[in-house]
Amino acid sequence: MFEDESICVVDKPAGMVVNKSQTTAEITVQEWHAPKLKNQNSNIKTGEFYEKGGVVHRLDKETSGVMVLAKTPEIYEKLKKQFMERKTVKRYRALVNGIMDKESGIIAVPVERHPKVKKKLVKSFMWWLSSSNSSKMFSAHFLVAGFNVENCFFTFSISLLSKFLFERGSHSLLPPNDAD
């Protein structure tokens, strides 16, 4: 999407992992970006910039979207600071089944770790009974651009949620089966 001497802005496709790991066989954003890193002539290749390969933030594997990648240690630190201080504006869009009954609002759902798949968050059904404070509140503001699709073969309704801004809890959307 954009590249100069300091940064590389990419459109990460859904299904691509951001950070390399021993359990990931396919190429990651980090591995793809590694040849673009500057200061590679230096004998000293230690520190967070090199360990993370210029990746300042991440998106979940199944999420597509724009990522900003640093090409120098100095820019990495500046971008990292912007993200930590929440100066970077993040905008999300989600396509959901059905028509929302409001044009805008707040979605608030208690979530917790799946009992068997620890990386997965699920809707917490009995959060009010739990003595431990293991549930987190997922909440987001939304605006809707809803529409119906009709033709001679099928009819369905979908809503496009935009400016989907997360306040606290997880940055991930709940999987469709758990969002009932």
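Any read-out appearing in this document is the output of simple, stated calculations on the displayed coordinates, not a laboratory observation. These numbers were taken from a predicted model, which means no experiment stands behind them.
Summary of values
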read-out: Whole-Hz ³J(HN,Hα) from phi, Karplus 6.51 cos²θ - 1.76 cosθ + 1.60, for region 21-36, glycine and proline x; value: 7, 5, 8, 9, 8, 7, 5, 9, 4, 4, 5, 5, 7, 3, x, 8
read-out: For residue 17, distant residues with modelled amide H under 5 Å away; value: 29
read-out: Over 18 Å between alpha carbons, listed pairs 87/120; 20/78; 52/78; 36/90; 61/81; value: 87/120; 20/78; 36/90; 61/81
